[in-house]
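Okay, structure first, notes after.
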Amino acid sequence: PTLARLARLQRGVAAAINADGRWRETLTVPASSMLSCYGAGGRYRKHTDNSRGADGVCGNARALTCICYLNLDWAAEDGGALRIYDESGGDTVEITPAAGRVVVFDSFLEHEVLEARR
């Protein structure tokens, strides 16, 4: 039931962005999602979820990344924050993985998951 609600949430976010009309392309939601669980010492190094080749063609169809945190009883000192870099790679935003929080960002932005401590 929770995953079905998450899929509905993703479709709702895409529909709202499409209705707004300011995003660079029409969004669709894939049939599958990625689930991740990081234990103590786990992290995900700096990367993008999409990129363009020298010919300008996208590496995949992902335009936005949508993360929904499901971890109960998690505190900032437990680590595992999401760090998103601005387009220049300089400024960053760190987001604590609080249960129920949904984060949506451009898939071309570099980001990483900082080390979890539990």
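Can you tell me which residues in segment 95-107 are loosely packed, with under 12 Cβ neighbours inside 10 Å and under 14 Å from the mean Cα position of the chain (by Cα)?
Gly100
Checking each residue in segment 71-91 for being acidic (Asp, Glu) and either under 11 Å from the mean Cα position of the chain (by Cα) or under 18 Å from Arg43 (Cα atoms) (or both) picks out Glu77, Asp78. If I filter segment 27-62 down to residues being among the basic types (Lys, Arg) and farther than 23 Å from Glu115 by Cα, which single residue comes out as most open to solvent (accessible area, probe 1.4 Å)? Taking the candidates together, the pick is Arg52. Just to be sure before I move on: is Tyr85 farther than 24 Å from Ala7 by Cβ, among the aromatic types (Phe, Trp, Tyr) and touching a residue at least 12 places away in the same chain (Cβ under 8 Å) in the structure I sent? Criteria met by Tyr85.
When each of Arg52, Arg45, Arg117 is tested for being closer than 25 Å to Leu27 by Cβ and among the basic types (Lys, Arg), the lone residue that passes is Arg52.
Okay, residues lined up against (1) under 25 Å from Ala40 (Cβ atoms); (2) open to solvent by less than 50 Å² (accessible area, probe 1.4 Å):
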position: Tyr69; (1), (2): yes, yes
position: Val93; (1), (2): yes, no
position: Leu109; (1), (2): no, yes
position: Arg117; (1), (2): yes, no
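Val13 passes every criterion in (1) surrounded by 10 or more Cβ atoms within 10 Å (Cβ to Cβ); (2) free of Cβ contacts under 8 Å to residues at least 24 places away in the same chain; (3) under 18 Å from His111 (Cβ atoms) apart from (2).
Just to check your reading of the model, which residue among Ala40, Ala63, Ala75 is out of contact with any strand residue (DSSP E or B) (no Cβ under 9 Å at 6 or more places or on another chain) and at pLDDT 90 or above?
Ala75
The values are calculated or read from the model by the stated rules, or taken from the named source; none is laboratory data. All values reported here derive from a predicted model rather than from experimental measurement. All Cβ positions, glycine included, derive from the backbone under ideal geometry; neighbour counts span all protein chains shown. The protein model used for the area step is the full one, side chains on, heavy atoms only, and it has no ligands, DNA or RNA in it. Shrake-Rupley method; radii C 1.70, N 1.55, O 1.52, S 1.80 Å.
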